[in-house]
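Chemist: Take a look at the following structure, please.
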Amino acid sequence: MNALNKKLFRDFWHLRGQIIATALVVACGIASFVSMQSTYVSLLDSQQNYYSAYRFADIFAHLKKAPESLKTEIEKIPGVAVVNTRVVSEVTLNLPNLTEPAQAKIVSIPEYQTPMLNDLHFLRGRYISAGSSDEVIISGAFATANNFQIGDAFEAIINGRWRKLTIVGIALTPEYIYEIRAGDVFPDNKRYGILWMNRKAVASAFQMDGAFNDVTLTLAPGVSESSVIENLDRILKNYGGTGSYGRADQQSHRFIANEFSQLKVQGTFLPAVFLGVTAFLLHLVLSRLVSTQREQIGLLKAFGYTNFDIGLHFLKLSLTAISSGAVLGIFLGMYLGAGMTNLYADYFHFPVLQYSAGWFVILFSFFISFGSAAIGALSAVRKAVFLPPAEAMRPEPPARFTAGFLENLGLQKYLSPIYRIVLRNLSRQPIKAIFSTFGISLAAALLFTGFYFFDAINKIIEIQFYQIIRNDVDVTFYQPRPGKTRYELKNLPGVSRVEVFRAVPARLHFLHRTRKVGLLGAENNSDLRRIIDKNGKVFNLPPEGIVLSKSLADILEVEKGDKLTVEILEGSRPVREIKVAGTIDELMGMNAYMEIHALNRLLNEDDVISGAYLSVDSLKKEKLYADLKETPAVAGVGLPSVALNSFNETFGKTIGTFTFILVLFASVIVFGVVYNGARISLSERGRELASLRVLGFTQKEISIILLGEQAVLTILAIPFGYFFGIIISMLVNNMVDAEIMRLPLVFSAQTFVISFVVTILSAIVSGLLVAWRVRNLDLIEVLKTRE
Amino acid sequence: MKSIQTKNTESEAVFHIHSVSKIYQMGEVQVHALRSVNLDLYEGELAVLLGASGSGKSTLLNIIGGLDVPTAGEVIFRDHNLTQADDAKLTEFRRDHVGFVFQFYNLIPSLTALENVQLITEIAAKPMKAEDALEMVGLKERLNHFPAQLSGGEQQRVAIARAIAKQPDVLLCDEPTGALDYKTGKIVLEVIERVNCELGTTTAVITHNAPIAQMADRVIHIGSGEILSIEKNEKKASPSDLVW
């Protein structure tokens, strides 16, 4: 090893504290990048492999009933590759372990197993046997939630009659990676599942012999989706088609795609902040090193070392810090990534969810960490390279202080000399102070953003589950029912209040823009299911016209007063012009509302309802559930309290994990910046501090001078941290898909307080570590030498 | 102040240094910086510790000043036994009783002359006014200058003002003229003498510069970690008369 490299090793050892602090920040940046990117890549790979191996369809359509012969016509649409027709229906289940009725979607499958679109991946059991009419294959999440085994049986109301079904297989399908009831936002795997049954048995039960009511198809490569959708809709129009749609509107796919895009955004945005701070820290450490070693640099140059040698020497030092941080970060990131991927596996059901970080992610993270090292090291190395040797060998002139802002403001008389030292040192190097403040404030901003997610989720829960949804049970019917059904519901045991709704699928058109939605006819002045905007303001439906979620109005680019074309996709499929009576800025979903009677009039029908919201005496729930189970018209029963739990479990868990990581990493950044700042002033001003010790100042008093600077910077950084935190929250907010959920911009006092406390605490920890080093100041050495 | 009376060395001893040894472990080598030194310093005297570089004089001063503790032996300051003191006790001792003047001044660059002195008067029990201390060293006009705006001699005089402002029991000067030119060096020595004379502060000056010994009440010759001789200076010279 040559002498310069020996020096490198010794410098490294000498600076180990600062290098470790810097490496930890690098590790956090890289870990956040690796974990999020690798989770994203792993999920995306799993999804794509799954989609292609199990032939996930490209276009989906539901209709009332069409003869099987129509399939040939569909196959003739230009660009269509494979067509699969099915009989699909929602059924009510009586599960042995539940008092309330559960619901399932029955999907028909061929009598004999052949490759098909949206194919099944068997977790356990087997395919149905030919000719069977009571064998079912059930979906994996439904099986897990209810702890079903092969051979277990449960009952289903199939076309008005109880039928006992026996489980022969448990399977997954790309169509229901996210298993959720149509129209719901959160999965309830205990009360909702997918059942696959023999096509013949399903068809005869639902009077669909020789007919189908559901079609899925794949496209030939390079075919435009919209033209096929148009053609398909034209064919299905006369058979009660409710409008076909592509993957983008397929519920499971949309949820996954949304989650993935969020992950991608977070995995790019947050590591960028971390690595920015890293570059800054390296800059701090190296600049300091270059100025303490200026005499050595001069000497090396005087003896003939080239600028390149010297530049490389300092670059190596920064690369060592970076690469050790990067390696640590990659391992940490892979560990966290595997954990996050497993977390997603809880509600995204893939046959194989293979976690792999991928070479690209690893190489790229090395690349970006070296990039930030180079940026951070650049100016320090330049400084070393351009030092003229003769000048470099002379000691740096003493720090120049002159009267500054303190004196101009006349504040100095209010401060003891110790505090004057602190403030003058800060004002002497304002750029350094600004950078340190900026670094700490970014960390505080990350903390703030992390806690903000909790605020946003809590606000959503408060508005969604306590202000909007106030009923105990929702009931939906298979077919629209006459309005008087509400009185029958009112007479069910324990029901204290009934509010009804009418829901129809519809397509909204405005100019060339179009969107498929569920149009909800709601009772005005509803108490059980109110319409409330993001600020908690209750919205009353006008007697005429349509009210749109703001996000929907934005997509269609309509405003209040514009006339929309509404194409109803049910019954006689009327097409009408309706005035937009208002828009409402809601937190969840993209909704279109009308007053229920206005909707009935639009549909040319009398008082007709699709379902009801019930308020129920909790003591009589069991009886009510039993009665609902026996009511053939009831397609499904929803329990909002279950949705809340499910919300907490899915979003709560991922956001909780995410926030934990963010808080941990942000604390490390604060620690790294404060520790490096204090260590640098300790070495720069060791002589001054030791002199004070000699003059009789205690370790505590010296520590105040040393850490006072960092304390001022930290305190200054916090308001900026709030400011940046609010900005980051707003940016993240805009990146979240508004179609499913909009995070409200609310910041609780707790968020301000906790991010303050955590920032201060990690600053204190690093301060204590440095203060501990004050003990080691050599009081005697300092009297002898002039640095 | 041409003729100065030698002080009575029979007055009360402030420091008792008894059989003090100091051994430094330098890697595998033991360095005997002090070998069983016995010395008393008396109230109000000006003692010059004279010795070559490496003689052990700085080690002795550091031990007297509470910067270092001996390996063996005892140091008694009035009723304080410094030998057994821990870091906190030594800090307290320095804070309350000792004034230091260093070769390189060791001023705080971010504080003005006045503030450097106030730094000490604020933590001292019975300080004089910082302005008075600076007036005494002849820097009344430069109170609000930062160290970088003062010459070396002026900086050293600020350091002396800082040392005496707390009215210390003992003033310890380690090569106070070491970094100064001849002329400024003499001005600084005059200030030290004046402080000793007017305030009666027990003063120890260490130097390798033999002519400075002429201004002392007692000259203590140190070599190889031992006290070689102690001589009473019967005819003290004024610093302005010194030549080197």
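The values are calculated or read from the model by the stated rules, or taken from the named source; none is laboratory data. Owing to the predicted nature of the structure, the values given are computational and were not obtained by experimental measurement. Don't worry about glycine lacking a Cβ; one is built from the backbone with ideal geometry, like all the others, and counts go over all protein chains shown. These area figures cover heavy atoms from the full protein model, side chains too; ligands, DNA and RNA do not enter into them. Shrake-Rupley method; radii C 1.70, N 1.55, O 1.52, S 1.80 Å.
Chemist: Select from segment A:475-520 the residues that are part of a loop (DSSP other than H, G, I, E, B) and closer than 20 Å to A:E100 by Cβ and list them in ascending order.
Modeler: Hits for segment A:475-520 are A:N491, A:L492, A:P493, A:G494.
Chemist: I'm trying to understand the selection: among the residues of segment A:100-116, which are open to solvent by less than 30 Å² (accessible area, probe 1.4 Å) and not acidic (D, E)?
Modeler: Across segment A:100-116, the qualifying residues are A:P101, A:A102, A:Q103, A:A104, A:I106, A:V107, A:S108, A:I109, A:M116.
Chemist: Filter segment B:210-244 down to the residues that are assigned to a loop (DSSP other than H, G, I, E, B) and within 15 Å of the chain's Cα centre (by Cα), then identify the one that is nearest to B:D174 (Cα to Cα).
Modeler: Filtering segment B:210-244 for residues that are assigned to a loop (DSSP other than H, G, I, E, B) and within 15 Å of the chain's Cα centre (by Cα), the one nearest to B:D174 (Cα to Cα) comes out as B:A216.
Chemist: Now a separate question. Of all residues being among the polar types (S, T, N, Q) and either within 11 Å of chain B (Cβ to nearest Cβ) or outside any helix (DSSP H, G or I) (or both) in segment A:679-726, which is least open to solvent (accessible area, probe 1.4 Å)? Just the residue, please.
Modeler: A:S691
Chemist: Separate question: Does segment A:37-54 contain any residue that is surrounded by fewer than 20 Cβ atoms within 10 Å (Cβ to Cβ), touching a strand residue (DSSP E or B) at 6+ places or on another chain (Cβ under 7 Å) and more than 19 Å from A:S667 (Cβ to Cβ)?
Modeler: yes
Chemist: Take B:S21 and decide whether it is part of a loop (DSSP other than H, G, I, E, B), more than 14 Å from chain A (Cβ to nearest Cβ) and open to solvent by less than 40 Å² (accessible area, probe 1.4 Å).
Modeler: The answer is no for B:S21.
Chemist: Output yes when any residue across segment B:191-214 is surrounded by fewer than 18 Cβ atoms within 10 Å (Cβ to Cβ), away from every other protein chain (no Cβ under 14 Å), in contact with a Lys or Arg (Cβ under 7 Å, 6 or more places away or on another chain) and closer than 27 Å to B:I17 by Cβ, and no when none is.
Modeler: No, because not a single residue in segment B:191-214 is surrounded by fewer than 18 Cβ atoms within 10 Å (Cβ to Cβ), away from every other protein chain (no Cβ under 14 Å), in contact with a Lys or Arg (Cβ under 7 Å, 6 or more places away or on another chain) and closer than 27 Å to B:I17 by Cβ.
Chemist: What strands (runs of 3 or more DSSP E), lying completely within segment A:521-616, carry at least 3 residues that are open to solvent by 40 Å² or more (accessible area, probe 1.4 Å) and assigned by TED's automatic domain parsing to the domain that holds A:P505?
Modeler: In segment A:521-616, the matching strands (runs of 3 or more DSSP E) lie at A:575-584.
Chemist: What pairs come up if the first residue lies in segment B:162-185 and is within 12 Å of chain A (Cβ to nearest Cβ) and crowded, with 22+ Cβ neighbours inside 10 Å, the second is of a type in the set (G, A, S) and part of a loop (DSSP other than H, G, I, E, B), and their beta carbons are under 6 Å apart, counting only those six or more places apart or on different chains?
Modeler: Final answer for the pair search is B:K166/B:A124; B:L172/B:G65.
Chemist: Let me ask another. For A:V663, work out the one condition from (1) within 14 Å of chain B (Cβ to nearest Cβ); (2) in contact (Cβ under 8 Å) with a residue 40 or more places away in the chain; (3) hydrophobic (A, V, I, L, M, F, W, C) it doesn't fulfil.
Modeler: Every listed condition holds for A:V663 apart from (1).
Chemist: Sticking with this structure for a sec: Being open to solvent by 60 Å² or more (accessible area, probe 1.4 Å), of a type outside the set (F, W, Y) and in contact with a helix residue (DSSP H, G or I) (Cβ under 7 Å, 6 or more places away or on another chain) is the filter; apply it to segment A:755-777 and report the residue that is farthest from A:N676 (Cα to Cα).
Modeler: That would be A:R775.
Chemist: Further question on the same structure: Within segment B:67-77, track down each residue that is more than 9 Å from chain A (Cβ to nearest Cβ) and modelled with pLDDT under 90.
Modeler: B:V69
Chemist: Further question: So if I check each of A:A220, A:A145, which one is open to solvent by 30 Å² or more (accessible area, probe 1.4 Å), more than 27 Å from the chain's Cα centre (by Cα) and more than 14 Å from A:V107 (Cα to Cα)?
Modeler: A:A220
Chemist: Ok, one more. Can you find even one residue in segment A:654-670 that is closer than 19 Å to A:D188 by Cβ, open to solvent by 10 Å² or more (accessible area, probe 1.4 Å) and in a helix (DSSP H, G or I)?
Modeler: Scanning segment A:654-670 turns up at least one residue that is closer than 19 Å to A:D188 by Cβ, open to solvent by 10 Å² or more (accessible area, probe 1.4 Å) and in a helix (DSSP H, G or I).
Chemist: Condition check: at negative phi, part of a strand (DSSP E or B) and either surrounded by fewer than 21 Cβ atoms within 10 Å (Cβ to Cβ) or basic (K, R) (or both). Does A:G169 satisfy that?
Modeler: yes
Chemist: Go through (1) at pLDDT 90 or above; (2) open to solvent by 30 Å² or more (accessible area, probe 1.4 Å) and name the single condition A:N97 misses.
Modeler: The number of the failed condition is (1).
Chemist: Inspect all residues belonging to segment A:191-208 and state whether any of them is among the charged types (D, E, K, R), touching a residue at least 60 places away in the same chain (Cβ under 8 Å) and assigned to a helix (DSSP H, G or I).
Modeler: yes
Chemist: Can you tell which of A:D119, A:D188 is surrounded by 17 or more Cβ atoms within 10 Å (Cβ to Cβ) and touching a Ser or Thr at 6+ places or on another chain (Cβ under 6 Å)?
Modeler: Being surrounded by 17 or more Cβ atoms within 10 Å (Cβ to Cβ) and touching a Ser or Thr at 6+ places or on another chain (Cβ under 6 Å) holds for just one of A:D119, A:D188, which is A:D188.
Chemist: Further question on the same structure: Residue check, A:T306 against (1) at pLDDT 80 or above; (2) surrounded by fewer than 17 Cβ atoms within 10 Å (Cβ to Cβ), all met but one. Which one?
Modeler: Of everything listed in (1) at pLDDT 80 or above; (2) surrounded by fewer than 17 Cβ atoms within 10 Å (Cβ to Cβ), A:T306 misses just condition (1).
Chemist: Give me the helices (runs of 4 or more DSSP H) completely within segment B:36-145, filtered to those with at least 3 residues that are surrounded by fewer than 16 Cβ atoms within 10 Å (Cβ to Cβ), ordered by residue number.
Modeler: The helices (runs of 4 or more DSSP H) meeting that bar are B:87-97.
Chemist: Turning to a different aspect of this structure: Within segment B:78-113, which residues are more than 13 Å from chain A (Cβ to nearest Cβ) and acidic (D, E)?
Modeler: Listed by number, the list holds a single entry, B:D79.
Chemist: Hey, does segment A:173-186 have a residue that's part of a strand (DSSP E or B) and either touching a helix residue (DSSP H, G or I) at 6+ places or on another chain (Cβ under 9 Å) or assigned by TED's automatic domain parsing to the domain that holds A:K629 (or both)?
Modeler: no
Chemist: Follow-up question, since we're still on this one. Starting from segment A:702-715, keep only residues that are free of Cβ contacts under 8 Å to residues at least 24 places away in the same chain, then list their pairs with residues that are open to solvent by 40 Å² or more (accessible area, probe 1.4 Å) and in a helix (DSSP H, G or I) whose Cβ atoms are within a distance under 6 Å, requiring at least 6 positions of separation or different chains.
Modeler: Nothing qualifies.
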